[in-house]
Amino acid sequence: MKVKFKEIADKVLDVIFPVDIKCLLCGKELKNNDIFCSDCLDSDIFNEGTRCIYCDAMIKEGNLVCNFCREKHHIFEKCFCPLNYNGSVRKAILSFKEDNARYLAKPFAKLICQRLEQENLQIDFIVPVPSHISSIKKRGYNPAYLLAEEVSKITNIPLYEALIKNAKTPNQKFLDYEERFLNIQYTMKVVGNNIKGKSVLIIDDVITTCATVDACATLLSNAKHIYACAVARTNLI
Ligand SMILES: [Zn+2]
Ligand SMILES: [Zn+2]
């Protein structure tokens with residue numbers, strides 16, 4: 001299915017961002033039809049400028065690839081993240097992930113689609129990064145699934161839960177890429193064989209080291225093309 005993000009995304013714009021709403025990130029009242037307040041806009045929220053052609057991390061002007069991707073071959077082809085994971089973006093995403101702010105799934109999905117429409121990709125399935133049943137019970141939802149659901153609605157590309165998580169991932173906080181990758185890979189498995197020869201888009205909420213999306217992509221490696229996206233990206237430079 002050919003992606004026609006712009007056409008479809010424009011149609012839903014009014015529904016997602018009605019007049020007299022609050023700033024999507026910090027909750028400040030807005031007087032016009034913007035989605036971010038001027039304070040948030042001034043705080044470098046967009047992941048734009050020169051970015052790594054693989055992992056979408058900010059890099060120095062004139063470069064194509066970040067230091068990490070120069071050493072590391074990713075299983076996915078490219079990833080896309082519209083926002084920087086810091087300041088008010090970080091707060092909003094934490095609310096979305098941990099504090100039941102499910103209403104953010106729609107506008108976040110819209111931002112992802114705006115980013116994707118610049119790429120003219122052919123995508124057959126949208127695959128959310130899975131969550132373990134204990135996390136879903138605790139939160140009431142899988143944030144990545146909510147995003148995938150909304151991106152699917154905007155683009156008409158089917159959502160397909162190709163991965164399930166059958167064990168909890170140990171705390172990843174102080175682990176490096178390889179340790180994270182192995183930890184995550186062993187906690188997931190593939191369901192069915194529908195993605196063979198297809199193009200898939202993996203969706204997560206935040207991308208940090210790319211270990212999670214690489215682990216997902218490894219399990220989906222019989223797909224023809226594998227892309228990844230998230231609302232925001234940590235930028236380490
Ligand atoms: Zn704001
Ligand atoms: Zn990179």
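Derivation of every value follows stated rules applied to the coordinates shown; laboratory data play no part. Remember, it's a predicted structure, so these values are computed and weren't measured experimentally. We place every Cβ from the backbone using ideal geometry, glycine too, and count neighbours over all the protein chains shown.
Which of the residues that make up the stretch 153-171 are closer than 24 Å to Ala211 by Cα and either in contact with an Asp or Glu (Cβ under 6 Å, 6 or more places away or on another chain) or touching a residue at least 24 places away in the same chain (Cβ under 8 Å) (or both)?
Residues satisfying the conditions are Leu159, Tyr160, Glu161, Ala162, Leu163, Ile164, Lys165, Asn166, Ala167, Lys168, Thr169.
For the stretch 29-48, name all the residues that are touching a residue at least 12 places away in the same chain (Cβ under 8 Å) and either within 16 Å of ligand 2 (Cβ to nearest atom) or touching a helix residue (DSSP H, G or I) at 6+ places or on another chain (Cβ under 7 Å) (or both).
Ile35, Cys40, Ser43, Ile45, Asn47
List the pairs whose first member sits in the stretch 138-149 and is farther than 16 Å from Ala232 by Cα, whose second member is assigned to a helix (DSSP H, G or I) and not small (Gly, Ala, Ser), and whose Cβ atoms are under 8 Å apart, counting only residues at least 6 apart or on separate chains?
Hits for this filter: Arg139/Lys97; Arg139/Glu98; Tyr141/Arg102; Asn142/Ile136.
Kindly indicate whether Leu175 is among the aliphatic types (A, V, I, L, M) and part of a strand (DSSP E or B).
So Leu175 does not fit the description; no.
Suppose we filter Ile123, Ile75 for residues that are over 30 Å from Glu179 (Cβ atoms) and away from ligand 1 (no atom under 16 Å from the Cβ); which single one remains?
Checking each option against the conditions leaves just Ile123.
Every residue in the stretch 85-105 that is touching a residue at least 40 places away in the same chain (Cβ under 8 Å) and more than 14 Å from ligand 1 (Cβ to nearest atom), please.
If the condition is that a residue be touching a residue at least 40 places away in the same chain (Cβ under 8 Å) and more than 14 Å from ligand 1 (Cβ to nearest atom), then Tyr85, Phe96, Lys97, Glu98, Asn100, Arg102, Ala105 are the ones that fit.
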